[in-house]
Amino acid sequence: MLRLEDLSVRFGGLTAVNTVSLSVGSHEVVGLVGPNGAGKTTLFNAVSGLVKPSSGRILFDSVDMLRTPLHRRARMGIGRTFQVPQPMHELTVRENLIVAQRFGTGAVDARKIDEVLDFTDLTDKAERHAATELALTELKALEVAKALATNPKLLMLDEVLAGLETNGKRRFMGMLKELHEKFAVGILIIEHDIETISNLCHRVAVLNFGELIADGTPDEVFRDPEVMKSYTGASDA
Amino acid sequence: MYVSKTGLAVIAAAYIAVPLVLGSNNYVMSLIVASMIIGGIALAWALLGNLGGMVSFGHSAFFGVGAYVSALLTMKTGMPVFAAMLLGGVGAVVASLVMLPVLRLKGPYFALAILAYAHIFKIIATEWSSVTGGSAGLASVPRFPELMGFDLSGKIGSYLIILTVLLAFVAAYRAIRASHYGIALRAMHDSEDATRVVGVNSTLLKALMLFVSAFMTGVVGAFNVHYINFLEPDYAFSGLWVTLPIVAAIFGGYRTILGPLVGAVTVYLVDQLIFKSLIPSGHQLVLGALLVAMIIFSPGGLMPLLRKDSRRKHAAA
Ligand SMILES: Nc1ncnc2c1ncn2[C@@H]1O[C@H](COP(=O)(O)OP(=O)(O)O)[C@@H](O)[C@H]1O
Ligand SMILES: [Mg+2]
């Protein structure tokens, strides 16, 4: 479904993503790991269209994304969350979802919105002001809910579990697992915790200084000494 | 569309009480009509600012183009005045098309670029004299017609026309703001990336707001030309057609729909009836000072101030 071919993103002299080739199948759950600054978020930004790749290709369902305007990518089925939650300011939770659904799918279906609210545990907060009245867990849930409201085929989750306390994290994990089945999406998830990744993902890709240094099953990848070196190096820092 | 009881009362008063009470005073009626012309531009300007997030110094271009298109259509093709006024609005939309490239600019760059465009139209109106009459301008532009025996070209008739135009603008603004486009536009203010990744074409939405704003301003320009019956480039494209509305909109509250209208009527009438007689030259200085005071004490403008006050009264009651 998603295929990156030799993708590079440069910011001036800095190569944030360096000739990365990676694919995500239509029902796959793929983890994307690597130390801070490895280029994970930048890779998401390139796929969703917020940054322009310097070279390489991004194919989604065989369509060249570099020729597809940003706003049309949501319609094609690319959904994402932001590492730092970005609720749409000035809007209520429900209005956030209405905008996402109306523009991400072309139609409004109130029942589907209620379903997404219910699924993400936001029904009680539906009429709250999204930017000022939500706790962190709820903001993260809203990130997922906005993406779901666009009816995605691919869901890119940027550290949705980071910063949650143990209970919240467990609930959120349950939701992600269920979501994969219920909404029939492929998932690309950025996450630091090895246990979480092993638990959720069919495959893991590892980025280090913008380069893909491993791509395989969690078992294979987390046994690789080079991966573990980049990993421990990062968590010590 | 929902209209509150107070709203209905104000509308009824505007249609009936104002002509009955003030209709015989030509001077006051002409001040009121002038303030409503400023109010119409102010509303259109504020729509672009509030929904589109753009600060324009170029609205005099839309005003002037609307005036010229409507005047020329009625004079050269004999088109009825009201039809020509609508096409004046369309003409302003066409003029705004050439401004589309500047939509990608941000903040002061957008404001300056659109100001430059406004100047281009003035030059065209001056130089293309075979059509526009050049700097000498156009005289005897057709007046408003008679309607069922009632002469609309008089002060009262003109007042009723601009009143109707403004009400239509308010209704359109409300409908847009409540629509899905309106919600998405509100979201774009502070969260443009988040809004774009869910599929909102932010450039298109901003362009649509520019078109709506240009259309409204063009219609007001067209109204004005049939009201005063002459036109020349310096007048039609004068910077006052944008500075006064900006003052009015900010004074009244540019994030509200009625604020720019209330601001325009208040500012213009107070200036002309009070300050001008107290300080014949330099009375605009007082306006400037008032605006500064408003921005300091109530950044949201007059409307939030009024509303806060009425809420306090309700609470006390
Ligand atoms: N818009 C940008 N402009 C300049 N540099 C950026 C930009 N976005 C990210 N970077 C840089 O690119 C590198 C990768 O960042 P990022 O993709 O956020 O890493 P990660 O998500 O893996 O922690 C970092 O060095 C970061 O400072
Ligand atoms: Mg990141």
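Quickly run through region B:141-188 and pick out the residues that are charged (D, E, K, R) and at pLDDT 90 or above. Steps first, answer last, please.
From region B:141-188, those charged (D, E, K, R) are B:143, B:146, B:151, B:155, B:174, B:177, B:186; that's our starting set.
Selection gives B:Arg143, B:Lys155, B:Arg174, B:Arg177, B:Arg186.
Where in region B:211-317 are the helices (runs of 4 or more DSSP H), entirely inside, with at least 2 residues that are surrounded by fewer than 18 Cβ atoms within 10 Å (Cβ to Cβ) and without any contact (Cβ under 8 Å) to a residue 24 or more places away in the chain? Working first, answer last.
Values: elements: B:233-236, B:240-252, B:259-270, B:284-297, B:302-316.
In region B:211-317, the matching helices (runs of 4 or more DSSP H) lie at B:284-297, B:302-316.
Got a sec? Which of A:Thr196, A:Thr166 is touching a helix residue (DSSP H, G or I) at 6+ places or on another chain (Cβ under 9 Å) and either of a type in the set (Lys, Arg) or more than 14 Å from ligand 1 (Cβ to nearest atom) (or both)? Spell out how you get there, then give the answer.
Values: A:Thr166 fails: touching a helix residue (DSSP H, G or I) at 6+ places or on another chain (Cβ under 9 Å).
That would be A:Thr196, the only listed residue that is touching a helix residue (DSSP H, G or I) at 6+ places or on another chain (Cβ under 9 Å) and either of a type in the set (Lys, Arg) or more than 14 Å from ligand 1 (Cβ to nearest atom) (or both).
On the given criteria, is A:Asn151 more than 16 Å from ligand 2 (Cβ to nearest atom), of a type in the set (S, T, N, Q), within 26 Å of A:Thr196 (Cα to Cα) and more than 12 Å from chain B (Cβ to nearest Cβ)?
Numbers: more than 16 Å from ligand 2 (Cβ to nearest atom): yes; of a type in the set (S, T, N, Q): yes; within 26 Å of A:Thr196 (Cα to Cα): yes; more than 12 Å from chain B (Cβ to nearest Cβ): no.
In short, no.
Pull up region A:154-163, narrow it to residues that are within 16 Å of ligand 1 (Cβ to nearest atom) and within 14 Å of chain B (Cβ to nearest Cβ), then point me to the one that is surrounded by the fewest Cβ atoms within 10 Å (Cβ to Cβ).
From region A:154-163, those within 16 Å of ligand 1 (Cβ to nearest atom) are A:156-163; that's our starting set.
Narrowing the set further to residues that are within 14 Å of chain B (Cβ to nearest Cβ) leaves A:156-158.
Working: A:Met156: 27, A:Leu157: 27, A:Asp158: 22.
Ranking the candidates gives A:Asp158 first.
With the structure loaded, tell me whether A:Ile113 is under 29 Å from A:Lys125 (Cβ atoms), buried (at least 19 other Cβ atoms within 10 Å of the Cβ) and more than 8 Å from chain B (Cβ to nearest Cβ) or whether it fails that test.
Considered against the rule, which asks whether it is under 29 Å from A:Lys125 (Cβ atoms), buried (at least 19 other Cβ atoms within 10 Å of the Cβ) and more than 8 Å from chain B (Cβ to nearest Cβ), A:Ile113 comes out as yes.
Going by the structure shown, is B:Leu208 more than 14 Å from chain A (Cβ to nearest Cβ), surrounded by fewer than 19 Cβ atoms within 10 Å (Cβ to Cβ), of a type in the set (A, V, I, L, M, F, W, C) and part of a helix (DSSP H, G or I)? Talk me through it step by step, then tell me what you get.
Details: more than 14 Å from chain A (Cβ to nearest Cβ): no; surrounded by fewer than 19 Cβ atoms within 10 Å (Cβ to Cβ): yes; of a type in the set (A, V, I, L, M, F, W, C): yes; part of a helix (DSSP H, G or I): yes.
The answer is no for B:Leu208.
Select from region B:175-215 the residues that are touching an Asp or Glu at 6+ places or on another chain (Cβ under 8 Å) and within 26 Å of B:Ala118 (Cα to Cα) and list them in ascending order.
The first filter runs over region B:175-215 and keeps only residues touching an Asp or Glu at 6+ places or on another chain (Cβ under 8 Å), leaving B:183, B:186-187, B:189-190, B:202.
Scanning region B:175-215 gives B:His189, B:Ser202.
How many residues are hydrophobic (A, V, I, L, M, F, W, C) and either farther than 28 Å from B:Ala207 by Cα or outside any helix (DSSP H, G or I) (or both) when one looks only at region B:30-46? Spell out the reasoning first.
So the first thing to find is which residues in region B:30-46 are hydrophobic (A, V, I, L, M, F, W, C), and the list is B:31-34, B:36-38, B:41-46.
Keeping just the survivors that are either farther than 28 Å from B:Ala207 by Cα or outside any helix (DSSP H, G or I) (or both) gives B:31-34.
The total comes to 4.
Could you check region A:10-55 and list, in sequence order, the residues that are touching a helix residue (DSSP H, G or I) at 6+ places or on another chain (Cβ under 7 Å) and more than 23 Å from A:Val221 (Cβ to Cβ)?
Result: A:Ser48, A:Gly49, A:Leu50, A:Val51, A:Pro53.
If I filter region A:121-144 down to residues being over 22 Å from B:Asp193 (Cα atoms) and under 21 Å from the mean Cα position of the chain (by Cα), which single residue comes out as farthest from the other protein chains (Cβ to nearest Cβ)?
So the residue we want is A:Asp121.
Within region B:96-180, considering only helices (runs of 4 or more DSSP H) that don't extend past its boundaries, which have at least 2 residues that are crowded, with 18+ Cβ neighbours inside 10 Å?
Values: elements: B:107-127, B:129-132, B:155-178.
Result: B:107-127, B:155-178.
Select the strands (runs of 3 or more DSSP E) contained entirely in region A:11-103, then report the ones holding at least 2 residues which are within 14 Å of another protein chain (Cβ to nearest Cβ) and in contact (Cβ under 8 Å) with a residue 24 or more places away in the chain.
Details: elements: A:14-24, A:29-33, A:55-60, A:78-80.
Per the criteria, A:78-80.
Quick test of your reading of the structure: A:Ala107 fulfils all but one of (1) of a type outside the set (Ser, Thr, Tyr); (2) surrounded by fewer than 19 Cβ atoms within 10 Å (Cβ to Cβ); (3) more than 14 Å from chain B (Cβ to nearest Cβ); (4) in a loop (DSSP other than H, G, I, E, B). Name the failing condition by number.
In the conditions (1) of a type outside the set (Ser, Thr, Tyr); (2) surrounded by fewer than 19 Cβ atoms within 10 Å (Cβ to Cβ); (3) more than 14 Å from chain B (Cβ to nearest Cβ); (4) in a loop (DSSP other than H, G, I, E, B), A:Ala107 misses (3) alone.
Could you please let me know if B:Val197 is touching a strand residue (DSSP E or B) at 6+ places or on another chain (Cβ under 8 Å) and either buried (at least 20 other Cβ atoms within 10 Å of the Cβ) or modelled with pLDDT of 95 or more (or both)? Full working, then the answer.
On the way: touching a strand residue (DSSP E or B) at 6+ places or on another chain (Cβ under 8 Å): yes; either buried (at least 20 other Cβ atoms within 10 Å of the Cβ) or modelled with pLDDT of 95 or more (or both): yes.
So B:Val197 passes the test.
Look through B:Ala194, B:Ala248, B:Ala214, B:Ala264 and report the one residue that is under 14 Å from the mean Cα position of the chain (by Cα) and within 30 Å of A:Gly49 (Cβ to Cβ). Spell out how you get there, then give the answer.
Working: B:Ala194 fails: under 14 Å from the mean Cα position of the chain (by Cα); B:Ala248 fails: within 30 Å of A:Gly49 (Cβ to Cβ); B:Ala264 fails: within 30 Å of A:Gly49 (Cβ to Cβ).
Step by step, each of B:Ala194, B:Ala248, B:Ala214, B:Ala264 is checked, and only B:Ala214 is under 14 Å from the mean Cα position of the chain (by Cα) and within 30 Å of A:Gly49 (Cβ to Cβ).
For A:Glu159, all conditions in the list (1) over 13 Å from A:Arg80 (Cβ atoms); (2) touching an Asp or Glu at 6+ places or on another chain (Cβ under 7 Å) hold save one; what is the number of the exception?
Failed condition: (1).
Could you pull out the residue among B:Val65, B:Val55 that is crowded, with 24+ Cβ neighbours inside 10 Å and touching a residue at least 12 places away in the same chain (Cβ under 8 Å)?
Details: B:Val55 fails: crowded, with 24+ Cβ neighbours inside 10 Å.
Result of the check over B:Val65, B:Val55: B:Val65.
Regarding region A:32-54, can at least one residue be identified that is of a type in the set (Val, Ile, Thr) and away from ligand 1 (no atom under 15 Å from the Cβ)? Spell out the reasoning first.
Within region A:32-54, the subset of a type in the set (Val, Ile, Thr) is A:33, A:41-42, A:47, A:51.
Cutting the leftovers down to away from ligand 1 (no atom under 15 Å from the Cβ) gives us none.
No, region A:32-54 contains no residue that is of a type in the set (Val, Ile, Thr) and away from ligand 1 (no atom under 15 Å from the Cβ).
Working only within region A:2-46, note down all residues that are within 15 Å of ligand 2 (Cβ to nearest atom), among the polar types (S, T, N, Q) and over 20 Å from A:Met65 (Cα atoms).
A:Asn36
The values are calculated or read from the model by the stated rules, or taken from the named source; none is laboratory data. Keep in mind that what you see is a predicted model, and the values were worked out from it rather than measured. No Cβ is skipped: glycine too gets one built from the backbone with ideal geometry, and neighbour counts run over all protein chains shown.
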